[in-house]
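Quick notes on the structure that follows.
The values are calculated or read from the model by the stated rules, or taken from the named source; none is laboratory data. All of these numbers come straight from a predicted model, not from anything done at the bench. Don't worry about glycine lacking a Cβ; one is built from the backbone with ideal geometry, like all the others, and counts go over all protein chains shown. Areas reflect the complete protein model, heavy atoms only, side chains present, ligands, DNA and RNA absent. Shrake-Rupley method; radii C 1.70, N 1.55, O 1.52, S 1.80 Å.
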Amino acid sequence: MSRVLDAKGKDLRAVSTQLKEMIAVGGGGVTLKNAAHLHGLCGGLKSGEITIEGNSGDYLGVLNDGALIRVTGDAGKYVADNMTRGTVLVDGDTDYGAGQYCYGGTVVVRGSAGDFTATMNKGATILIGKDVGDEVGTYMLAGDLVIVGNAGHNLGNYLIRGNIYVGGQWASLGHNIKEEPLTEADVDKLQGYLAEYAIKADPRAFRKLTPLSEKPFYK
Amino acid sequence: MPVVGAFCVTVHKDACINAQVPGKCATCVEVCPYEVYAIDGNGQVAVQNYNACVGCRICAEFCPENAIRINPAESEHLTRYPWTLGQVEEIHHKALTGEYLLRGFGTMGPLPHFDQILVVPSQLAAEPPKDKYREECEMEVVIGEDTCEKPIRLKYPVIFPAMSFGALSREAKLALAIAAAKMGIAGNTGEGGLVEEEPYYCHGYVDKEETQKKWEPGGYLVVQWSTGRWGVSADFVRAGDAVEIKIGQGAKPGMGGHLLGAKVTEEIAAVRGIPVGSDALSPCRYYDVLSFEDLKKQVAFLRDITNYEKPIWIKLGPSRPYDDVRLAAEAGVDAISLDGIAGGTGASPDLVTQGAGIPTIACIPPAVRALKDLGLHRKVKLFALGGIRNGLDAVKALAMGADGVGFGTAAEIAMGCRACMACHKGNCPYGITSQKPELRARLDPEEAGQRLANFIKATVEEIKILTMLSGHSDIKDLSEEDLRAVDPNTAAITGLKLIGYERRMPWWENEHGN
Ligand SMILES: Cc1cc2nc3c(=O)[nH]c(=O)nc-3n(C[C@H](O)[C@H](O)[C@H](O)COP(=O)(O)O)c2cc1C
Ligand code: SF4
Ligand code: SF4
């Protein structure tokens with residue numbers, strides 16, 4: 001049985017302090033209710049299983065360093081900002097900038113994600129179940145970004161390292177990015193991601209994008 | 001800057017050992033990182049490449065016979081103003097490469113600066129002077145006293161501002177940490193992530209567990225949260241005693257940090273998470289701050305992640321000091337660093353360093369006014385940065401209303417730098433801004449740390465002298481009344497009283513009443 005923490009009318013400090021205490025004593029996951037007004041919730045956690053019932057505010061799971069955080073509704077802006085370890089799962093959609101500045105961990109958005117998703121991703125695996133907005137994967141330096149649906153304009157602008165896989169169409173590509181044939185290793189990897197998070201899609205139907213150069217600014 | 005003949009390199013053959021006994025000495029050949037000298041067929045030292053000389057003077061410093069003179073050639077061109085040697089060579093550089101100039105160091109040339117301000121000593125009309133030798137002077141600056149569970153107590157009104165690992169060598173970073181510990185002041189990671197020893201060195205310990213203290217009294221480390229977020233994690237944020245949100249810096253306001261690929265070694269690449277040899281280009285703004293509300297949320301979650309224990313700081317470049325400082329204070333921070341155009345840099349476009357931003361002395365008065373208008377002056381601590389060279393500059397900044405000052409470039413110089421301005425090339429002859437092992441080996445962290453500590457010690461003595469001769473025994477009692485502007489221009493810019501006239505310029509009286 002998951003323990004419940006009702007955030008109604010409480011501020012970040014109160015909820016965060018209580019949540020950390022509950023995680024510290026152990027005894028299973030914690031379900032957070034009425035937390036959509038809180039921004040930066042579950043920041044910098046090293047462990048714990050937290051379910052946010054309904055929608056979340058901005059910066060959910062910022063600097064996450066090991067916790068498993070799930071949102072049953074939609075998440076606000078900058079989900080899993082600068083995460084290093086752990087997993088953030090969003091059942092609904094995310095606003096602008098999910099998975100920015102991450103060094104590691106996994107972000108899964110079952111719905112659609114907004115503009116500037118995965119900007120400056122430095123090593124996380126980021127899965128988007130439906131479509132993404134514009135400027136997604138900007139200046140990505142490492143990691144895998146998997147977009148099951150369609151992407152907007154300027155996808156992967158100044159990609160430096162890492163891979164972007166797209167199941168649908170893109171409106172346009174950014175600078176320093178090229179299409180590359182999907183290898184068997186890619187298919188296996190995608191198959192694994194999709195199976196793990198029960199996302200229905202044919203791994204062979206993806207197209208793969210990689211950087212043209214690792215040093216587009218420096219000769 | 002590859003200027004043709006910017007420096008005249010002269011080796012006096014009468015004094016040079018090698019000229020007398022070929023092969024006996026080749027110090028200059030060894031120490032010059034730009035291959036200006038070579039040994040010719042006869043085993044003699046020859047100046048083979050004048051044009052590469054950047055004027056760092058390390059060859060002159062190390063020459064055992066004092067046989068070398070490095071003189072700037074610019075003076076010959078001054079009569080050709082505005083077509084000075086630098087301007088001519090800049091055009092050649094662009095014509096040759098199609099690229100604008102990038103360089104390290106800060107602004108060159110005459111912009112309004114502290115030199116046009118004087119300190120007023122006390123005689124009969126003010127509090128009598130205090131005796132530096134026999135009386136105390138209060139210098140402590142506390143950050144986050146009412147807001148944080150672990151406030152920072154700087155022993156002196158001095159910090160080392162953010163200088164990144166990458167721009168600086170590991171040895172230079174450690175030297176700064178040691179000096180911060182020895183002087184009880186604060187160091188700063190800069191935006192390049194953490195050098196492992198930095199937190200406990202800053203606290204004065206030689207081990208991670210902080211059981212063996214070597215440097216008293218121990219200082220603090222500020223960790224920088226920046227737009228590139230290099231090497232940033234929850235552990236990084238918690239490793240500091242305060243978190244500084246970098247919005248901008250004086251040498252390149254409106255632009256992100258820029259570490260040239262030449263300095264991105266394996267170690268730097270690993271800390272920053274980028275490919276070896278690639279430029280580390282920080283974005284010019286935060287991808288995860290779209291509005292002022294977002295900035296407030298960042299301050300709030302950084303407080304949460306550091307358990308409401310540690311101060312949150314904002315660093316600003318010189319733009320619209322009144323409004324910027326007001327917004328920074330309203331975002332809920334405990335301290336603000338405001339960097340003027342004179343601020344140093346590891347690498348920036350020359351024209352931005354020279355021409356974008358406003359002078360430090362013009363930043364401080366509006367910043368102080370913004371804090372006063374919010375009732376937060378002396379509560380939210382204001383640190384003035386940018387071209388502060390000594391205790392005299394520092395006291396002027398303090399009297400204008402700042403709570404403390406930062407020494408960036410001056411700290412580099414205290415470690416040995418001779419202001420050659422070629423930091424971006426990664427060949428720093430003193431091992432300060434280089435990542436090359438053979439150059440880094442020239443800088444011993446403990447020795448450089450001692451030099452830095454000596455420099456700060458002398459500087460705080462200067463601050464003390466000037467504070468006390470103005471009649472105060474607490475730096476917080478210094479005020480604008482202790483300063484005078486030397487010329488109408490400076491009086492107009494700063495609101496200080498003009499010498500002789502003994503009043504402020506009329507519009508300052510009318511507009512701000514105080
Ligand atoms: C080598 C070097 C590296 C710097 N790196 C950073 C940095 O990472 N982040 C930052 O905010 N400012 C950086 N700065 C600017 C300093 O923090 C500070 O604003 C400036 O040096 C103050 O001016 P001063 O050098 O005249 O004292 C750097 C400056 C230098 C000289
Ligand atoms: S670059 Fe430095 S070491 Fe080389 S000749 Fe010039 S002053 Fe001497
Ligand atoms: S730090 Fe080194 S490279 Fe930079 S100006 Fe000083 S001596 Fe030259």
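How many Å² of accessible surface get buried when A and B come together, counting both sides, probe radius 1.4 Å, rounded to the nearest 100? Using a 1.4 Å probe, the pair buries roughly 3200 Å². Among B:375-383, B:225-233, the peptide with the highest mean count of other Cβ atoms within 10 Å heads the list, and the full ranking is B:225-233, B:375-383. Counting only aspartates and glutamates at least 8 places from A:K122 when in the same chain, those with an alpha carbon closer than 13 Å to its own are A:D81, A:D144. Once the Cα-Cα distance is subtracted from the 0.36 nm per residue extended length, the B:E309 to B:N42 segment shows a gain of 89.4 nm.
Taking the centroid of alpha carbons for each part, region A:165-204 and region B:284-334 are 38 Å apart.
For the protein assembly as shown, what does the alpha-carbon gyration tensor say about shape, rounded, prolate or oblate, given a ≥ b ≥ c as the root eigenvalues, a/c under 1.5 as rounded, and a/b over b/c as prolate? Don't skip to the end; give the middle numbers.
Numbers: a/c = 1.95, a/b = 1.32, b/c = 1.48.
Since a/c reaches 1.5 but b/c is at least a/b, the shape of the protein assembly as shown is classed as oblate.
Heavy-atom accessible area with a 1.4 Å probe sorts B:R69, B:R484, largest first, into B:R69, B:R484. Accessible area of B:W507 (1.4 Å probe, protein heavy atoms only, ligands and nucleic acids ignored): about 120 Å². Residues of region B:426-466 with backbone nitrogen within less than 18 Å of a virtual label 7 Å along the Cα-to-Cβ line of B:E266, please, listed as ranges. Residues B:435-441 qualify, since their backbone N sits under 18 Å from the label point. Charge dipole of region A:44-211 (Cα centre as origin; +1 on each Lys and Arg Cβ, -1 on each Asp and Glu Cβ, all else neutral): 340 debye, rounded to the nearest 20.
In the protein assembly as shown, a dipole from Cβ-located charges (positive for Lys and Arg, negative for Asp and Glu) runs towards its positive end, and of B:S164, B:H472, B:T494 it is B:S164 whose Cα lies farthest in that direction.
Where the only charges are on Cβ atoms (+1 Lys, Arg; -1 Asp, Glu), what is the dipole of region B:120-477 about its Cα centre, to the nearest 20 debye? Let's see the in-between values first.
Numbers: 42 positive and 47 negative charges, 136 e Å.
Computed charge dipole of region B:120-477: roughly 660 debye.
Using Cα atoms only, what is the angle between the long axis of helix A:184-196 and the major principal axis of chain A, expressed in degrees (0 to 90) to the nearest 10? Around 20 degrees separate the two axes.
Taking all protein chains as they are arranged and a probe of 1.4 Å, the heavy atoms of A:F217 leave approximately 80 Å² accessible to solvent. Straight-line reach from B:K297: which lysines fall under 22 Å, measuring Cα to Cα and dropping same-chain residues less than 8 apart? Leaving aside lysines fewer than 8 places away in the same chain, those within reach of B:K297 are A:K8, A:K10, A:K20, A:K33, A:K46, A:K77, B:K150, B:K246, B:K310, B:K315, B:K379, B:K381.
Using a Förster radius of 41 Å, what is the FRET efficiency between A:R3 and B:L290 based on their Cβ-Cβ separation? Nearest 0.05, please.
0.75
Our helix-only sum for chain B, with -39,500 (n - 2.57) per DSSP H run of n ≥ 4 divided by its residues, gives a mean residue ellipticity at 222 nm of -9000 deg cm²/dmol.
Each of B:E196 and A:S213 was given a label point 7 Å from its Cα along the Cα-to-Cβ line. The distance between the two points is 3.5 nm.
Extension gain for B:A458-B:R389 works out to 23.7 nm (0.36 nm per residue, less the C-alpha to C-alpha distance). Length gained on full extension, B:Y50 to B:A419, computed as 0.36 nm times the residue gap minus the Cα-Cα distance: 131.0 nm.
When all protein chains stay in place and ligands, DNA and RNA are ignored, the 1.4 Å accessible-area order of B:I91, B:I463, largest first, is B:I91, B:I463. Here the 3J(HN,Hα) profile of region B:296-309, calculated from phi with Karplus coefficients 6.51, -1.76 and 1.60 at θ = phi - 60°, is 4, 5, 5, 4, 5, 6, 5, 4, 5, 5, 9, 6, 6, 9 Hz, Gly and Pro shown as x.
Please state the shape class of region A:74-219: rounded when a/c is under 1.5, otherwise prolate if a/b exceeds b/c and oblate if not, all from the C-alpha gyration tensor.
On the way: a/c = 1.41, a/b = 1.14, b/c = 1.23.
It comes out rounded by the Cα gyration axes.
Provide the FRET efficiency to the nearest 0.05 for the B:V206-B:I499 pair, computing r from the beta carbons and using R0 = 56 Å. Display every interim value, and only then the final one.
Values: r = 51 Å, r/R0 = 0.91.
With a Förster radius of 56 Å, E is 0.65.
Shape call for chain B from the C-alpha gyration tensor, a ≥ b ≥ c root eigenvalues: rounded (a/c under 1.5), prolate (a/b greater than b/c) or oblate? Prolate shape, in that a/c is at least 1.5 and a/b is the bigger ratio. Remark: region B:162-321 carries a charge dipole of roughly 560 debye about the Cα centre, counting +1 on each Lys and Arg Cβ and -1 on each Asp and Glu Cβ.
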